[in-house]
1. Look at Ile93 and say whether it is modelled with pLDDT under 95, β-branched (Val, Ile, Thr) and touching a strand residue (DSSP E or B) at 6+ places or on another chain (Cβ under 7 Å).
2. State the number of residues belonging to segment 37-80 that are touching a Pro at 6+ places or on another chain (Cβ under 7 Å) and of a type outside the set (Phe, Trp, Tyr).
3. Please pick out the residue among Glu104, Glu75 that is away from ligand 2 (no atom under 16 Å from the Cβ), farther than 21 Å from Leu18 by Cβ and of a type in the set (Asp, Glu).
4. What's the number of the only condition in (1) surrounded by 16 or more Cβ atoms within 10 Å (Cβ to Cβ); (2) closer than 26 Å to Arg99 by Cβ; (3) at pLDDT below 90 that Pro14 fails to meet?
5. Report yes if some residue within segment 50-67 is within 16 Å of ligand 1 (Cβ to nearest atom), among the hydrophobic types (A, V, I, L, M, F, W, C), in contact with a Leu (Cβ under 6 Å, 6 or more places away or on another chain) and closer than 28 Å to His134 by Cα; otherwise report no.
6. Within segment 42-64, can you find the residues that are among the β-branched types (Val, Ile, Thr), closer than 15 Å to Leu81 by Cα and in contact (Cβ under 8 Å) with a residue 24 or more places away in the chain?
7. Would you pick out the residues in segment 40-68 that are loosely packed, with under 12 Cβ neighbours inside 10 Å, of a type outside the set (A, V, I, L, M) and either assigned to a helix (DSSP H, G or I) or modelled with pLDDT of 95 or more (or both)?
Amino acid sequence: MVESGDAEPGHQSPPRHLTAVQAQLYDLLKRGLEPASAYQLMDQLNQACDARVYPQTVYRALTRLQALGLVHRVESSNAYLACCAPAQPHRCIHLLCDRCGNAEELIDTQISGDLEADAEQRQFLVQRQIVELHGVCRHCASQGATT
Ligand SMILES: [Zn+2]
Ligand SMILES: [Zn+2]
């Protein structure tokens, strides 16, 4: 199962022990540039499958994919997207375009580490860190110059 289009150096395949629904969901998310909501994903799955897929199945599969580090949830828009570096443990920062909906993942250790160190100084135990930046992507910015 080697993807010919994936020429990323150091790219590693995701774990093989995914269920059919998890694998299909992950595939959909990897192909999309925009974060997708659970219901959008369910619709796409229903179009692709013969059997009907229910919301709880989709949520369960998404939770599992998140736990495996293959998928991130965009908290501010309640949507999901595939991780760009699943093989590498990381904290990510999402750049979210408010015009076209595209998302880009920045893998950052510096800022994330700084934030945690600051929290630690206040004796705050961090369990989850979410950093999301909303704005306009380079593509939309170049188009926006004419409108
Ligand atoms: Zn990631
Ligand atoms: Zn954009």
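The values are calculated or read from the model by the stated rules, or taken from the named source; none is laboratory data. Small disclaimer: the values here were computed from a predicted structure and weren't measured. Cβ atoms come from the backbone with ideal geometry, glycine included; neighbour counts cover every protein chain shown.
1. yes
2. Qualifying residue count for the region: 8.
3. Glu75
4. Only one criterion is unmet by Pro14, namely (2).
5. Checked against the condition, which is being within 16 Å of ligand 1 (Cβ to nearest atom), among the hydrophobic types (A, V, I, L, M, F, W, C), in contact with a Leu (Cβ under 6 Å, 6 or more places away or on another chain) and closer than 28 Å to His134 by Cα, segment 50-67 yields no hits at all.
6. So the first thing to find is which residues in segment 42-64 are among the β-branched types (Val, Ile, Thr), and the list is 53, 57-58, 63.
From the residues that got through so far, the ones that are closer than 15 Å to Leu81 by Cα too are 58, 63.
Across segment 42-64, the qualifying residue is only Val58.
7. Once the filter is applied, which keeps residues that are loosely packed, with under 12 Cβ neighbours inside 10 Å, of a type outside the set (A, V, I, L, M) and either assigned to a helix (DSSP H, G or I) or modelled with pLDDT of 95 or more (or both), segment 40-68 yields Gln47, Pro55, Gln56.
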